[in-house]
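A short worksheet on the structure shown next.
The values are calculated or read from the model by the stated rules, or taken from the named source; none is laboratory data. Note that the structure is predicted; figures quoted are calculated from it, not measured. All Cβ positions, glycine included, derive from the backbone under ideal geometry; neighbour counts span all protein chains shown.
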Amino acid sequence: MLIIVQAMFFVGLNFIKSIYTFNRMDPEAFYRNIYYWSVLSADPEKLLTRPWTFITMQFSEVKLILVIGNLIWTWMFGFLIQDLVGGEKIFPVYIYSSFFAGFFFILITNVLQQDTVGYAYFSGVVPGILGLASAATTISPKYRIFPMIGGGIPLWVIALVYLLLNLSTSGGYLMISTQLVGILVGFGFVRLMQQGIDPCAWMIKCYTNVVDFFTPSKKKQKQSKQQTFYEASGRKPFVKKPNLTQKRVDELLDKINQFGYDQLSEEEKDFLKQASKKDL
């Protein structure tokens, strides 16, 4: 989904840009009228009239070669996070990393570069990806990819290569600083998780509430069933003994891959324990 959103922003912005080109309008008009309304401005007055840019700036890029690279790196680090802790952590890490990098950009520009505030803009795509890279590396620094190449390349080496590529083209200490902020946020996110604090819980709750809002019949049916068979008597009517099947095992493994082991219910965890004893 993250890759799709990045691609949609790229296509949408370039479609509008092509209209300007075909009508032989000044290329600067596109950036002035469209692009600068989707990226983050360091000017507090502009920011107050464009609060949505805290979100849109995390996906706004119009250069094809950069977008292709961003999509590849997003897929790589996002896939690793999904494999290690579940796919539901990808969006929060990306959002947090970009948001704090953008906030840091505004703060430093207004403190140290006040003469550039009026025309300084920021796109948070790279800090977001660096946050994913940092989080994946913090979770499992010894994780190896491409095992056919000398036993595999350590994840930290891949992350370092991506960081150096971006630092070499950043063009200033301010952009370098925002990228380092993205790295620190990704690291901090994982450290909080390791201490039992889930920074993305509220995002997941909001997402669940939105989904339930648009599927009220499903939500009502689920609540009704629970109240009828469990809450009415005050105790469970029986202890369920699961039927061990390979299909059920595969479904639970897919759930772990997507959401992480912690999202399994106690019944599902017991099922997997019993299945492991049966060599399923």
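Check Tyr119 against each of (1) within 20 Å of Leu13 (Cβ to Cβ); (2) touching a residue at least 24 places away in the same chain (Cβ under 8 Å); (3) of a type in the set (Ser, Thr, Tyr) and name the one condition it does not meet.
Status for Tyr119: all satisfied but (2).
Taking the stated definitions as given, is Ile90 in contact (Cβ under 8 Å) with a residue 40 or more places away in the chain and assigned by TED's automatic domain parsing to the domain that holds Ser140?
yes
What helices (runs of 4 or more DSSP H), lying completely within the stretch 1-53, carry at least 3 residues that are within 30 Å of Gly87 (Cα to Cα)? Break it down stepwise before answering.
Working: elements: 2-22, 27-33, 44-49.
Passing ranges, in order: 2-22.
Which condition does Leu40 not pass, out of (1) surrounded by fewer than 18 Cβ atoms within 10 Å (Cβ to Cβ); (2) closer than 22 Å to Pro127 by Cα; (3) not basic (Lys, Arg), if it passes all the others?
Every condition holds for Leu40 apart from (1).
Restricting to the stretch 178-200, name every residue that is modelled with pLDDT of 85 or more and of a type in the set (D, E, K, R).
Matches in the stretch 178-200: Arg191 only.
Looking at Pro141 and the list (1) at pLDDT 85 or above; (2) over 16 Å from the mean Cα position of the chain (by Cα), which single condition is not satisfied?
Single failed check for Pro141: (1).
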